[in-house]
Amino acid sequence: EELYYWKEAGVKAAVAPDGSYVVTSGSGQASAYATRGQSRAPIWRTKLNCFLNAAPHFSIDGNSLLMSVGDGIAVINPRTGQGDPSDRG
């Protein structure tokens, strides 16, 4: 049932540069899941004012997660799901 919901929401995903987790986004939220069979529960989940089809993108150094929201860009700490206080989006 949850997989159907995510499929219908147009979920996009990005794999962390080190391959240890994947970030999914869709339907106004982003979530991170561990890879390598560690757990099915999300590491974190955060609500965003993002477009339904907004895709997560890692910065070149992998220290930030970028998402299109409203009229700007949300900068998220990919390890915690918390917004970056220096976010200018």
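Each residue of the stretch 64-69 in turn: what ³J(HN,Hα) in whole Hz from Karplus with 6.51, -1.76, 1.60 and θ = phi - 60°, glycine and Pro shown as x?
9, 10, 10, 9, 6, 9
Report the extension gain between residue 71 and residue 29 in nm, rounded to one decimal, defined as 0.36 nm multiplied by the number of residues separating them, less their alpha carbon distance. Please list the in-between numbers first.
Numbers: separation 42, 0.36 × 42 = 15.12 nm, distance 1.65 nm.
Stretched out fully, the residue 71 to residue 29 stretch lengthens by 13.5 nm.
Coordinate-derived values only; no laboratory data. Keep in mind the model is a prediction, meaning the values are calculated, not measured.
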